[in-house]
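This report refers to the structure that appears directly beneath it.
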Amino acid sequence: MNPEKRSATEVPATEDVSHCELIPRRILVKAGASVVGVAVFGVTTRRIAKAAVAADALATVPTDKFMTASNFLIQHRLSAGVGARLAAILQTKIPTLDADLDAIIRAATEKNAKMVEDFFDALPDGQVKDTAHRIIFGWYAGVVDASPTAEVFAYEEALMYQPTKDAIALPTYSFNGPDHWTEVDPPLSAMPEF
């Protein structure tokens, strides 16, 4: 087919489409929630707008910032995956987490800290110190608080188990390893006769 005779709606499969902009997931989810809210629940536009503003205010804390503050507070090799889970949980519990992380990082860099004892006294009393304590507690305990309903985000990677992991098994009902009950046990050998 002659390229000059193509119709306006006809686009070859190999044509470059890099000029198209992708819709961010957040905008797509907000739009979908708006449509569903109005269609199904009869939610007013004003309530949808308030919910969208609240969702924007609850922006996620960057994992690298959380890990930087955590590395100042704890001098161990920390897992980025565990850090991301801990940051996500603390984000829901501490509304000022982002500002508190900035204050922790600023105090540590101003003191040129190598360990937490070098700068912890320089942290402002109140919310920032409380946040620092919760971060330290979370890394060691694998939960963010001591309540019976606390969400476990790290179990075998919790720091309190690391010093003795080569000598003591983690507290569990399955001492033969994780998911042992899902594996088929080897058959028992015949008892010896004497």
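Worth pointing out:
- Relative contact order for region 63-166: 26 percent, from Cα pairs under 8 Å spaced at least 6 residues apart, divided by residue count.
- A Förster distance of 25 Å, applied to the separation of the beta-carbon atoms of T96 and E156, puts the FRET efficiency at 0.20.
- Summed side-chain charge close to F119 - residues other than F119 whose Cβ falls under 10 Å, Lys, Arg +1, Asp, Glu -1: -1
- Extension gain, T149 to D130, is 4.8 nm, computed as 0.36 nm per intervening residue step minus the present C-alpha separation.
- With R₀ fixed at 25 Å, the C-beta to C-beta distance from M115 to S79 puts the FRET efficiency at about 0.80.
- Across region 63-166, the volume of the C-alpha convex hull divided among the residues equals 100 Å³ per residue.
- Positive contributions from Lys and Arg (+1) and negative ones from Asp and Glu (-1), summed over other residues with Cβ under 14 Å from the Cβ of F137, come out at 0.
- Extension gain (nm, one decimal) between S189 and I105, 0.36 nm per residue minus Cα-Cα: 24.2 nm
Throughout, read-outs are computed from the coordinates displayed, never taken from laboratory work. Owing to the predicted nature of the structure, the values given are computational and were not obtained by experimental measurement. Ideal geometry is used to build each Cβ from the backbone, glycine not excepted, and the neighbour counts take in all protein chains shown.
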